[in-house]
Each structure stands twice: as C-alpha cells, then as structure tokens.
1. Just the residues that are without any contact (Cβ under 8 Å) to a residue 40 or more places away in the chain and in a helix (DSSP H, G or I), please, taken from the stretch 1-38.
2. Please verify whether residue 252 is out of contact with any strand residue (DSSP E or B) (no Cβ under 7 Å at 6 or more places or on another chain), under 27 Å from residue 341 (Cβ atoms) and touching a residue at least 24 places away in the same chain (Cβ under 8 Å), treating the condition exactly as stated.
3. Quick one: is residue 90 buried (at least 20 other Cβ atoms within 10 Å of the Cβ), in contact with a strand residue (DSSP E or B) (Cβ under 6 Å, 6 or more places away or on another chain) and closer than 25 Å to residue 233 by Cα?
4. If I filter the stretch 314-353 down to residues being part of a loop (DSSP other than H, G, I, E, B) and closer than 24 Å to residue 173 by Cβ, which single residue comes out as nearest to the chain's Cα centre (by Cα)?
5. Restricting to the stretch 114-134, name every residue that is in a loop (DSSP other than H, G, I, E, B) and more than 17 Å from residue 101 (Cβ to Cβ).
6. Considering the stretch 247-273 alone, what residues qualify as being surrounded by fewer than 18 Cβ atoms within 10 Å (Cβ to Cβ) and assigned to a helix (DSSP H, G or I)?
7. Considering every residue within the stretch 29-50, establish whether at least one is out of contact with any strand residue (DSSP E or B) (no Cβ under 6 Å at 6 or more places or on another chain) and under 30 Å from residue 327 (Cα atoms).
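Nothing in this text is a laboratory measurement; each read-out follows from the coordinates by a stated rule. All values derive from a computational prediction rather than experimental measurement. Quick reminder, even Gly has a Cβ in these numbers, built from the backbone with ideal geometry, and neighbours come from all protein chains shown.
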C-alpha cells in the first residue's frame, strides 16, 4: 500500500470517529432547552461593549430596546473609544425608538493587561451593579440583533434549568459568495472543537460559550471573579465559560433561532482577519500545537479529495475508495449546518477547499503574532500573554 493510501485510510478512520464519537457535533438540533415562565421575572442588565459600531448599531440596538420582557430590564452601552460617533448614535436611536432605558458611558483607555472588549464589559457590569439589582447580565455584542422575545426565552431557560450561563451561537450573516463558503464552516469547526452536547452535561470538562449572546447569572460572575479573572483573554467567550465552570457554574450552549449577527463580511479579506486575529491564540501560541493542527487539517480534510484524484489517475483503487468514503462522510456531516444556514447542499463537497483556507488563516495568525501584529482588532494590538502584566 502506498503512503497516500495509508494517510487516506487514517483520514477515513478519523471521520468515522468524528461521526460517531465526537458528541454528534454535526447535528444542529441543540436549541434552547425546555423552559417554563418563572412566577416572578428577575431583573436583567444588558451590557453592550461597542467600538466603532455606527454601521451596524441601527440594525441591532433597536432590537434590544424593544425587548418584550415582563420584568425590569435596562441597557448599558459602553462606548469603547469610538471615533465614528457610536455613543451619540446610540442616544439618538434611544430617543427616536424608545423602549428599555438606555445608559451610554465610556470607560476610557483599557488598563494594563486588559483587552478592550473586556475593559468595556467590566465598566458596563460596574454600572449595572451600581444602578440595578440585576439577577442576570446579558452580555451581547453591538452587532447582534435579538428577536423581541429573546431575553424572555433566555431567562426562562436559565430559571427552568438552574443554569448560571446560557449562551446562543448567533446566526451569522450569509449573503456573499465568500460568506457562503466560510461562515457556515466557521460554526461547524467551532462545534467540532466544542461539541454542544458535551458542554451541556453537568460537570463536563469541555466548555465554551458564544460571546455574541451570553446570559450570565450575577452571583456566578462574582464567584468567578469575572471579568477581572479573564482580563487578558483574546478569546473571551471560551475563557469566560471556563471561569464560570471552574467555580461550579452550570453552562448551556446551543444554536440560536432568533438571534442574528448583522455584521457584514463581504470579502475574503474581512473574513480572513476575523479568523486569523484569534486562531493562534486558540492554539495557546504554541508552535507544536500549530504544527499538529496544520498536519491534522491536511490529513483529515485535504487528503480525501487528493486521494480521489490521485487514485483515479494512477489506478490506485484502494486510495480512491478510501478517499471517496472519507469525503462522503465529511460532506454528510456538513450538510446539517448548510441547512441551518439555508444554503445549497451543493456547497458541502467544497468543505476541503474551505478547510484549506482556514489552514492558511491559522498559519497567517501565527506569522502575524511573531511579527508583533497578532490579535489586532479595531486599531488595537494586544501583547502576547506572557508579556502582559
């Protein structure tokens, strides 16, 4: 047997394991758990960190102000040094649309060792504690639009299940060719790394959250020392979930039905920066993990189509059959995510090409890190974790 045949056989074995043993990550039926309305609706503070978000705010902030929540709720938008009039626009939208009370404030430049978003979240949480007696904090990004019943359903799920953190992976925008190729795969890969079913088991070691929509119990945040205990985190949502779970918190994560990101990523460049800014941080800035990830992506995603083409050209029937089988399993596991995003299933066989793009983005993330330009976002570049105070 040729080396390619052995590699392809390994790829097929990996796909069979992923299909059956990785928490059924490919299924898209993990939605908000069963819930019943509480007898008394607890107060909620909605914290929105925002930096240069004037483009998306008219599509997102009114949806928060219009929340149909039976209890008390208040919105705190933290303008993190915007240069495009984000804070003024937020006040104008609130004056025009009405709805929930809105406070707009600015925290100043981040303190040493803080990422900008978490510095803004810290300021918003402090405002909420000073001005409300909120039982829950809804941490939501400025590009996330919520259906009118979103907050009500999140709180009902938390109260019914005794959950300390309820997070929904917002449905990202899919409109352009590049968004269709890359965005569903982004969520697919995330679910592969962090299978939702495993995360949702009490006491599970696997844990994650989706930073665009996190309902966090206030006393759980205090027990975990959030956000001070995670102030350096670039991948803040996963780090937040770990901090909550470490202190005994119960966590739930799933896909959203009526929570949507309105941020456009029209071209490959915007999507590339979105992925590469944190990819190497996900690998803990470890060259060995980077090498293993590149090799793994090549074997699992790229070897099957290469084996099919090479087997057809050379007459290597074993390589061709093993490659076709692995490619078929890969394609089948990707189809549910395409259905969730209402995309043509004909895109499923193109997943190896998308995986190649992610491989290159990950390598580029490492290159930018060692050039001192890693984790750059909206005019800020964060120090390596080992160099931060």
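1. Scanning the stretch 1-38 gives 3, 6, 13, 17, 20, 21.
2. No; evaluated as a whole, the condition is false for this residue.
3. Taking the combined requirement at face value, the residue does not satisfy it.
4. 341
5. 114, 115
6. Residues satisfying the conditions are 268, 269, 270, 273.
7. Checked against the condition, which is being out of contact with any strand residue (DSSP E or B) (no Cβ under 6 Å at 6 or more places or on another chain) and under 30 Å from residue 327 (Cα atoms), the stretch 29-50 yields at least one hit.
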